[in-house]
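The values are calculated or read from the model by the stated rules, or taken from the named source; none is laboratory data. Note that the coordinates shown come from a computational prediction; the quantities given were computed from them, not determined experimentally. Cβ placement follows ideal geometry from the backbone for every residue including glycine, while neighbour counts extend to all protein chains displayed.
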Amino acid sequence: MDMGFDYDAAFSRNIGWVTQAEQEALRGKKVAIAGLGGVGGSHLLTLTRLGVGVFNIADFDTFDVVNFNRQAGAMVSTCGRPKADVLAEMCRDINPAADLSVFPQGVTHDNLNAFLDGVDLYVDGLDFFAFEMRRTVFAACRNKGIPAITAAPLGLGVAFLYFDPAGMSFEDYFCLKGCDEPEMALRFMLGLSPAMLQRNYLADPSRVDLARHKGPSSIAGCQLCAGIIAAEALKLLLQRGRVMAAPHGYQFDGYRNRFARTWRPWGNRNPIQRIGLAVARRQLKAMGQTGHG
């Protein structure tokens, strides 16, 4: 620890938007973040600057040059290094007093209980295609009474969902059980962004390859996600301000300058969603990327 570090001074400019007592409360809050890539790393650093003082972080991957366009810890100096180690160092460089528990093997069935132990909030940063582990983590959060939030970088924007432990479950909303991977990807995408504000400006559809887990990404979307996560996490951690839970959600698209609140009772079983899924399946079939529900 840097003996010259002063928590109160470091985060004093937060005061005004939060009270001194609330800032001190954030210092003791514990947030778990699974995945430290495109959004997870930015979530960690943003919440650290918000003054959150305790984290469980998990990622098994290492940085590569293909991460440079969007990932907070991706630099020439970090290529080949574990993402969890790099982000832990960056977090402690902001707050040397931060209490960090690092799970370098990522979140797994074996360490899930330890990863969520004593956690006040779960923030999803898992890879888009990590469907089975995401389902497992959200189910565990529900069983343990832990609020869980996700912000997806879609196009040049963000889509946000909050799963209240007492509200609609992740599984009931997305309806992924029994689906193959392309269908899961389709349902996850449509569930995250029922308004699909990003759909009209994809410049090169050939860059979407579900089978190879490839798709375009942008730092604009990732940075917007981090800001949204910080604002909603503040409300949940301080129990101040309303956070609309699924089946409610919202999406903001910076490219189109549009904001949409969404409400999909029954999640992907909603008639409007089912129409959207059918249309998307036809589009995927035309691209040679077919899924089956």
Residues in the range 131-172 that are outside any helix (DSSP H, G or I) and out of contact with any Cys (no Cβ under 6 Å at 6 or more places or on another chain) total 21
If Leu284 satisfies all but one of (1) assigned to a helix (DSSP H, G or I); (2) of a type in the set (A, V, I, L, M); (3) at pLDDT 95 or above; (4) more than 30 Å from Gln23 (Cα to Cα), what's the number of the condition it fails? (3)
If I ask for residues that are surrounded by fewer than 22 Cβ atoms within 10 Å (Cβ to Cβ) and either basic (Lys, Arg) or in a helix (DSSP H, G or I) (or both), which ones from the range 51-87 would you list? Val65, Val66, Asn67, Arg70, Val76, Ser77, Thr78, Arg81, Asp85
Scan the range 260-267 and tell me whether some residue there is modelled with pLDDT under 95, in a loop (DSSP other than H, G, I, E, B) and buried (at least 16 other Cβ atoms within 10 Å of the Cβ). no
Scanning the range 88-119 residue by residue, the ones that are outside any loop (DSSP other than H, G, I, E, B) and either under 28 Å from Asn143 (Cβ atoms) or not basic (Lys, Arg) (or both) total 15
Residue that is among the basic types (Lys, Arg) and under 30 Å from Arg258 (Cα atoms), where the choices are Arg142, Arg81, Arg134, Arg92: Arg134
Within the range 199-235, can you find the residues that are at pLDDT 90 or above, touching a strand residue (DSSP E or B) at 6+ places or on another chain (Cβ under 8 Å) and in a loop (DSSP other than H, G, I, E, B)? Ser217, Ser218
Given the conditions (1) in a loop (DSSP other than H, G, I, E, B); (2) crowded, with 16+ Cβ neighbours inside 10 Å, every one holds for Pro182 apart from (1)
Breaking point among (1) in a loop (DSSP other than H, G, I, E, B); (2) closer than 30 Å to Val52 by Cβ; (3) under 18 Å from the mean Cα position of the chain (by Cα), for Met196: (2)
Taking only pairs six or more apart or across chains, which ones have beta-carbon atoms under 8 Å, a first residue in the range 157-181 that is closer than 16 Å to Trp266 by Cα, and a second residue that is acidic (Asp, Glu)? Tyr162/Glu232; Lys177/Glu171
